[in-house]
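Nothing in this text is a laboratory measurement; each read-out follows from the coordinates by a stated rule. Worth saying up front: this structure is predicted, and the values here are computed from it rather than measured. In this analysis, Cβ positions are derived from the backbone assuming ideal geometry, glycine residues included, and neighbour counts consider all displayed protein chains.
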Amino acid sequence: MKLNSLGLNPSDHLLLGNIDKQEIVHFHQGESVKCYAMSSSKQPPSCMENSLGTPWGLHVICEKIGEGQNKGMVFEGRIPIGLIANECSVEKQKRNLITSRILRLDGLELGVNRGGSMDTYKRYVYIHGTNHEENIGSPASSGCLQLSNDDVIEMFGEVSVGTHLYIQQK
C-alpha cells in the first residue's frame, strides 16, 4: 500500500473502503476480519471541497466521537443533540442525519486529500451511522462513508485513533 511511500508505519488495524463495491473491509494484523456494507456519496468521487463527493486515497482516523451514546443518537457539529433519530421532527428525519458514532478522517496525501481545497479533514468527512439504513449499500451520502448504526458502533469499538483507511474508487 502507500504507507511506506508516505513514511508511515502500518497500523494494527486497517480499513479498506471500496466506492464501487460500497463496502469497507476491516483487516487486523493483515487478516480480513469483517466486511461492512456502506454508502458513499451520491455525487461522483471527489477530493475537492464543496463537491460533496467521497474522497479517495489514504486517510487516518484522527478522532472518535460518541463513545457511550445511545444507538441512533443524532450529532450536529459533532455534538450529540440529546435525541435519537426517531425522536426528531418528521422534517428532520427526512434529512440524512449523522447518528450513533463518528470516526473523523484526516487525509494523508498532500495534493490528493490533504491541504488546500482538497482537505478531507476540513471537509468534515467521517465514517458514521445514518437514520436511513435502508440506503446502505448504495451511494446515498454527501461525501461521508455511512454504515448501519450497529456496524458503526461495532467498528468504533474495534479501531483506534491512528487506524488507516484507504478509500479506492474501483
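Listing for the model above:
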{"item": "On Cα atoms only, tilt of 149-158 relative to the major axis of the chain in degrees", "result": "40"}
{"item": "Helix-only mean residue ellipticity at 222 nm for the chain, each DSSP H run of n ≥ 4 adding -39500 (n - 2.57), per residue, nearest 500", "result": "-2500 deg cm²/dmol"}
{"item": "FRET efficiency for S160 and S89, using Cβ-Cβ distance with R0 set to 35 Å, rounded to 0.05", "result": "0.50"}
{"item": "Isotropic mean projected area of the C-alpha convex hull, segment 40-145 (nm²)", "result": "6.5"}
{"item": "Protection proxy ranking, peptides 107-113, 146-152, average beta carbon neighbours within 10 Å, highest first", "result": "146-152, 107-113"}
